[in-house]
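Shown next, in structure tokens, is the structure this report addresses.
The values are calculated or read from the model by the stated rules, or taken from the named source; none is laboratory data. Note that the structure is predicted; figures quoted are calculated from it, not measured. Using ideal geometry, Cβ is built from the backbone for each residue, glycine included, and neighbour counts are taken over all protein chains shown.
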Amino acid sequence: MKKTQNWIVVLGLNNLFTLKLQRQSLNSKAQNIFAQKLVGITDSDFYDSFCIENIKGNFRLKYKISQNIYNLRLLYYIKTTLGYGRVLKLESKKLAFFIITDRNILKELIFPIFDKYLLYSSKYFSYLRFKEVWCILENNNLTTIQKNKAIEKLLNTSLFGPNEISSPAISYLSENSNIESIKSSLSMYWLSGYIEGKGKFLTISKSKKDKIIFNVVFEISTSKDKLLLILIKRLLNITSKIIIEDQIFCLKTTDSDCVSIKNIIYIFSLKAFKFKGMKSLHFKLWKKAFFYNNININPKKVEKIHKILLKLNKTMPY
């Protein structure tokens, strides 16, 4: 046997046996941290991560993480740590995907993670449906026609119940909840994964009295989960209000609020919360821009970093 990154890899044996050993190691601290980050990355995905596809009359399940092709590093980090899955590239759309389709692997490797650490976004309900379809497909007492009818009926029902908007992991919280309740409910490991997908580290230039000035900006947005954004705002001690831009809820803070920016820098510089993909480079440059803009004033260095970040954010717009 060979032990790699706390996952046990069995050489030359059946994959399912390997997965059972991997599952036993999920209780290790490192794997619990990874699992929470993976849930955060999944929550942040712009696309549906729990895909139910009908291919020529046969339903297929696909767990999928989508990223800009520039951020392959994050997808390979997930693949290496899980010890399973494929990374596919769609060059024409500058997209890449980490994918698992094998139903046995979903059962042994993916479901235990998402059952233990609930999704905080509305994707929670998509995951429940995904598992329901898995149960139908695994039911040997049903014919293929019966399975297809049951799945089609399920897909034609609303994803949300009448009072279901937020995941049960946070639905009992509100914008007025005390900070201790929010801290005990929202995992910072999850948040590092969520920001890995949705967070933006920016610098913005403005002309003022024949002079160019720069602002260091942190931004995070969502189309559906306003409550989640409110809780993140409270957790990171951000004072600015959530605004709506093109029907998207958006939270922005700049270095005019140095306390919140310093808080973000402190938290995500800690080893446990460091970003794993290309967002780590964005964050590193952004930290330097803040330093040269507010502490060791050096406009030329800020301008240089600003130009680099502009290029990087055009390469990876989300």
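Of all residues in region 168-213, which are β-branched (Val, Ile, Thr) and more than 13 Å from the chain's Cα centre (by Cα)? Steps first, answer last, please.
So the first thing to find is which residues in region 168-213 are β-branched (Val, Ile, Thr), and the list is 170, 179, 182, 195, 203-204, 212-213.
Matches in region 168-213: ILE170, ILE179, ILE182, THR203, ILE204, ILE212, ILE213.
Quick one: count up the residues across region 215-251 that are touching a strand residue (DSSP E or B) at 6+ places or on another chain (Cβ under 9 Å), assigned to a helix (DSSP H, G or I) and charged (D, E, K, R).
2
Please determine, by comparing only the residues of region 252-274 that are assigned to a loop (DSSP other than H, G, I, E, B) and in contact with a Phe, Trp or Tyr (Cβ under 9 Å, 6 or more places away or on another chain), which one is modelled with the highest pLDDT. Step through it out loud before you land on a result.
In the first step, residues of region 252-274 are kept if they are assigned to a loop (DSSP other than H, G, I, E, B); the result is 255-257, 270, 274.
Now restrict to residues that are in contact with a Phe, Trp or Tyr (Cβ under 9 Å, 6 or more places away or on another chain): 255, 274.
Numbers: ASP255: 90, LYS274: 95.
Within region 252-274, the match that is modelled with the highest pLDDT is LYS274.
Is there any pair with a first residue in region 44-65 that is surrounded by 18 or more Cβ atoms within 10 Å (Cβ to Cβ) and a second that is of a type in the set (Lys, Arg) whose Cβ atoms are under 6 Å apart and which are 6 or more apart or on different chains, and what are they?
Every condition considered, the pairs that remain are SER44/LYS198; SER49/LYS64.
Return yes or no: is SER280 over 17 Å from the mean Cα position of the chain (by Cα) and surrounded by fewer than 20 Cβ atoms within 10 Å (Cβ to Cβ)?
Spelling it out, it is not the case that SER280 is over 17 Å from the mean Cα position of the chain (by Cα) and surrounded by fewer than 20 Cβ atoms within 10 Å (Cβ to Cβ).
What about ILE41, is it under 30 Å from ASP225 (Cα atoms), at pLDDT 95 or above and touching an Asp or Glu at 6+ places or on another chain (Cβ under 7 Å)?
Working: under 30 Å from ASP225 (Cα atoms): yes; at pLDDT 95 or above: yes; touching an Asp or Glu at 6+ places or on another chain (Cβ under 7 Å): yes.
Against the criterion (under 30 Å from ASP225 (Cα atoms), at pLDDT 95 or above and touching an Asp or Glu at 6+ places or on another chain (Cβ under 7 Å)), ILE41 qualifies.
Would you confirm whether or not region 193-202 contains a residue that is surrounded by 19 or more Cβ atoms within 10 Å (Cβ to Cβ) and farther than 30 Å from LEU312 by Cβ?
no
Could you look through region 276-292, keep only residues that are among the aliphatic types (A, V, I, L, M) and assigned to a helix (DSSP H, G or I), and pick out the one that is farthest from TYR194 (Cα to Cα)? Explain how you work it out, then say what you get.
At the first step, the residues of region 276-292 found to be among the aliphatic types (A, V, I, L, M) are 278, 281, 285, 289.
Subset that is assigned to a helix (DSSP H, G or I): 281, 285, 289.
Details: LEU281: 16, LEU285: 19, ALA289: 23 Å.
Checked region 276-292; the qualifying residue farthest from TYR194 (Cα to Cα) is ALA289.
Within region 293-318, track down each residue that is among the hydrophobic types (A, V, I, L, M, F, W, C) and either assigned to a helix (DSSP H, G or I) or more than 17 Å from ILE220 (Cα to Cα) (or both).
If the condition is that a residue be among the hydrophobic types (A, V, I, L, M, F, W, C) and either assigned to a helix (DSSP H, G or I) or more than 17 Å from ILE220 (Cα to Cα) (or both), then ILE295, ILE297, VAL302, ILE305, ILE308, LEU309, LEU310, LEU312 are the ones that fit.
For SER177, only one of the following conditions fails: (1) closer than 28 Å to LEU109 by Cα; (2) in a loop (DSSP other than H, G, I, E, B); (3) of a type in the set (Gly, Ala, Ser). What is its number?
Among (1) closer than 28 Å to LEU109 by Cα; (2) in a loop (DSSP other than H, G, I, E, B); (3) of a type in the set (Gly, Ala, Ser), SER177 violates only (1).
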